Amino acid sequence: MPYINLYAPTGPSPLEDGMNPTVATDPTSQPSPAVPPFLELYELTTGAWLTQAISTAARLGVADAIASGASTTAEIAQEVGAHASTLHRLMRALSDHGVFAQGPGDRFALTPMGESLRSDGSHSLRRWAIWTGARFYRDAWSDLEQAVRTGEPSFARVHGTDLFGYLGAHPDDAAVFDGAMQDIAGNFLAGILSVYDFSSYSTVVDVGGGTGALLSAILRAAPSARGVLLDTPPVLTAAEPVLRAAGIADRCQTALETSSTKCHPEPTSTSSVTSSTTGTTTTRCASCRPVGPPCARTPSCW
């Protein structure tokens, strides 16, 4: 691939013009020169800029605006509520990385990669892209050095609570996280259906299964199976329309995830459950709550 110089030889400082890439070599006209190792390292260290640029375009809804007919920077900026000249620089940078295609007359179009930033794309990753640039997510990464030094989770150090405690208190950020997980489940995790047959199992339990995108796909592929979706209360509320839309709500039980569930001290019987992620069957105490996290007495319980 061509070496992409993130800064022009002369002009504004990096802080002023950090997203003004120019292609120094045209791969169609001559072979790409070898990139010195220090420049390869430099490119890696600027990866966060590209992530943030993609996330910003996703949050603004640039791909949706182009899909609806906007093509010039001015048209797109008006559609998404952005500053036109700054948006132009953002889209020019992303065009150099294949997210958009820049044409004559200050016009931009979607590339196959850019199609995945559409809300209605068949393989949409828009919500995932928004998540990767979210401030609460990035702030935790900024504390990685301390996590490596101390072994303590950076998210809790930065935010004063773990991820799910934070999400419970910040519903807007929780919606970003849930959407990102749905994008991942829909685009990647459901691929296990092509290599694993769930039809021999009567019950499939998805622990921490989010809004049920993966479990819905599994139950559609295994019409005689029933499902249990285990997650936190806000997530399960959001899961209800997903399960109904998939047509499997009558075969899927939702259950609250709680750290206070405990096993009966002397379990009298057991029942089997199957993990939707590994396909393995384990045993839990029948005297536990219908659904619960692992108990101290029976390690394999859920």
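Remarks
- Pairwise centroid distance, computed over Cα atoms, of segment 82-97 with segment 99-124, Å: 13 Å
- Amide H contacts of SER119 (H built 1.01 Å from N, in plane; Pro and chain starts excluded): ASP64 sit under 5 Å, all sequence-distant by 5 or more or on other chains.
- Segment 111-188, relative contact order in percent, only Cα pairs under 8 angstrom and at least six apart counted: 34 percent
- Database remark: amide H of VAL228 closer than 5 angstrom to the amide H of VAL204, VAL205, ASP206, GLN253 (H placed geometrically; neighbours at sequence offset of 5 or more, or on other chains; Pro and chain starts carry no H).
- With an a/c value of 1.5 or above and a/b larger than b/c for the gyration tensor axes a ≥ b ≥ c computed over the alpha-carbon atoms, segment 117-204 is described as prolate.
- The dipole here belongs to segment 29-122: it is taken about the Cα centre, uses +1 on the Cβ of Lys and Arg and -1 on the Cβ of Asp and Glu, and is about 120 debye.
- Once both labels are positioned 7 Å from their Cα atoms along Cα-to-Cβ, the gap between PHE38 and THR232 label points is 4.6 nm.
- Surrounding net charge for CYS252, when Lys and Arg each add one and Asp and Glu each subtract one, Cβ distance under 15 Å: 0
- Relative packing of peptides 201-211, 77-87 - highest average C-beta neighbours within 10 Å first: 201-211, 77-87
A short reminder: the numbers here are calculations on the coordinates, not readings from a lab. Small disclaimer: the values here were computed from a predicted structure and weren't measured. With ideal geometry, Cβ positions are generated from the backbone for all residues, glycine too; neighbour counts draw on all protein chains shown.
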